[in-house]
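This report concerns only the one structure given below.
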Ligand SMILES: Cc1cc2nc3c(=O)[nH]c(=O)nc-3n(C[C@H](O)[C@H](O)[C@H](O)COP(=O)(O)O)c2cc1C
């Protein structure tokens, strides 16, 4: 086993966390990952009302007595408003969740410093997902407890600084003294070992967890993740300043073509609507919506249980580290 500041902070077996996933990171998958020794993720925006969100936290707690993270995404959205963000943070404090992965704008700027204070008072560990040193430094300054360093390889919305994981983790390690979690390009034991060598205190991954038995998406999508390779993702929506990494498919080609000819928000928004994504995950139509995935897709070759995945990853990471150590010559 490998002990890090993160395994100690949350008292977890493996330094492997799950990231936010809209429509996907819900109680069942979240609890399966936490029960397997990592840390699952409950993505708040999956729940519309205060009651639904609180129920989801309580449902997860019935499925696991282990810690899990909650994601609060503070990005421009038609559906999820500033009032939602404040409500999610308030419920997290009241329910005393273990930790929060904030993405997009930091809590102090989006909701006010009183929300940071409220969460700290409740004992909630506050993490910010960033793509740059300057955002990491800001988070540490306002009292966050940790950083997710998300490189351009990641699925979802990597920062348009476009810095790779290989450079971002050590740069952020140099700049802050709070724990750092490497994000982007992580999917197996080799990449876990590499992140630890870069100085990470844990890794976070999302795409890899989609191709697990417990993930509640259609089997066609899981099989598509196994079939496709690292070159099959692309960046979309740069032109509307909401860069996202998605799997190349018919919808994504259409978004790229619309952007290339200068089509604006009114043309792009219907193509990327959340409702389309939700339906695609359920029906298994791999062309119907932009499917957010990372370059780590190239490393996904199987559909194991979460327990099998985490055990295998840890074993492989330890083997790699031991191999390197055994071959050091003075
Ligand atoms: C299907 C999917 C949905 C995602 N939804 C969100 C989201 O709602 N909020 C967020 O901050 N990040 C979201 N992400 C990004 C992940 O939390 C994570 O930062 C990223 O996927 C890590 O890279 P990886 O997928 O290569 O492991 C999403 C990623 C995926 C794959």
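How far apart, in nm, are the 7 Å Cα→Cβ label points at residue 49 and residue 316?
About 4.4 nm, to one decimal.
Take the alpha-carbon positions of segment 219-283, form their convex hull, and give its projected area averaged over all directions (one quarter of the hull surface) in nm².
Averaging across all directions leaves 4.5 nm² for the Cα convex hull.
Enumerate the whole-percent occupancy of each 5 Å bin, from 0 to the last occupied one, for all C-alpha pair distances of segment 45-190.
Result, from short to long distances: 2, 10, 19, 21, 20, 16, 10, 3, 0 percent.
So, R0 is 35 Å and r is the distance between the beta-carbons of residue 160 and residue 65; what FRET efficiency does that work out to, to 0.05?
The calculated FRET efficiency here is 0.30.
Residue separation times 0.36 nm, minus the C-alpha to C-alpha distance between residue 266 and residue 226: what's the value?
11.0 nm
Can you give the helix-only mean residue ellipticity at 222 nm for the chain, where every DSSP H stretch with n ≥ 4 adds -39500 (n - 2.57) and the sum goes over all residues, rounded to the nearest 500 deg cm²/dmol?
Details: 15 runs with 148 residues, N = 330.
It comes out at -13000 deg cm²/dmol, rounded to the nearest 500.
Between residue 8 and residue 219, what's the calculated FRET efficiency when r is the beta-carbon distance and R0 is 56 Å? Round to 0.05.
Values: r = 38 Å, r/R0 = 0.67.
Efficiency, from the Cβ-Cβ distance: 0.90.
Any idea how far apart residue 257 and residue 279 come out in nm if each label point goes 7 Å out from Cα toward Cβ?
Reported label-point gap for residue 257 and residue 279 is 2.0 nm.
Under the Kirkwood approximation for Rh and a Cα-based Rg, what ratio Rg/Rh is obtained for segment 236-330?
On the Cα set of segment 236-330, Rg over Rh gives 1.20.
Gap in Å between the Cα centre of segment 309-328 and the Cα centre of segment 147-219?
If you average the Cα positions of each part, the centres end up 18 Å apart.
For the chain, modelled as a GNM with alpha-carbon contacts under 10 angstrom, which of 68, 47, 127 fluctuates the most?
47
Looking at the chain, send over the antiparallel percent of its DSSP beta bridges, to the nearest 5.
15
Going by average Cβ neighbours within 10 Å, how do the peptides 253-266, 193-206 rank, with the highest at the top? Mind showing how you got there, number by number?
Details: 253-266: 13.0, 193-206: 24.0.
The most tightly packed comes first, giving 193-206, 253-266.
Can you give the FRET efficiency for residue 113 and residue 308, using 1/(1 + (r/R0)^6), R0 = 56 Å, r = Cβ-Cβ distance, to the nearest 0.05?
0.80
For the chain, what is the per residue volume of the convex hull drawn over the alpha-carbon atoms, in cubic angstrom?
Residue-normalised Cα hull volume stands at 128 Å³.
For residue 330 and residue 190, compute 0.36 nm times the residue count separating them, minus their Cα-Cα distance, and round to one decimal in nm.
Full extension from residue 330 to residue 190 adds 48.0 nm.
Which of these, 103, 177, 34, has the largest mean-square fluctuation under a Gaussian network model of the chain (Cα springs below 10 Å)?
Among 103, 177, 34, the largest GNM mean-square fluctuation belongs to 177.
Of all the C-alpha pairs in segment 157-303, what % are more than 21 Å from each other?
49
Cα-based Rg of segment 166-209 per 2.2 N^0.38 Å, rounded to two decimals? Mind dumping the intermediate values first?
On the way: Rg = 10.0 Å, N = 44, 2.2 N^0.38 = 9.3 Å.
For segment 166-209, the normalised Cα radius of gyration comes out at 1.07.
By how many nm would the segment from residue 323 to residue 95 lengthen if fully extended, with 0.36 nm per residue of separation less the alpha-carbon distance?
Stretched fully, the residue 323-residue 95 segment lengthens by 77.7 nm.
What distance in nm separates the simple spin-label points at residue 83 and residue 142, each placed 7 Å from Cα in the Cβ direction?
Roughly 2.2 nm, to one decimal.
Bear in mind that the values in this text are calculations on the coordinates, not laboratory data. For clarity, every value in this text was computed on a predicted model and none was experimentally measured. With ideal geometry, Cβ positions are generated from the backbone for all residues, glycine too; neighbour counts draw on all protein chains shown.
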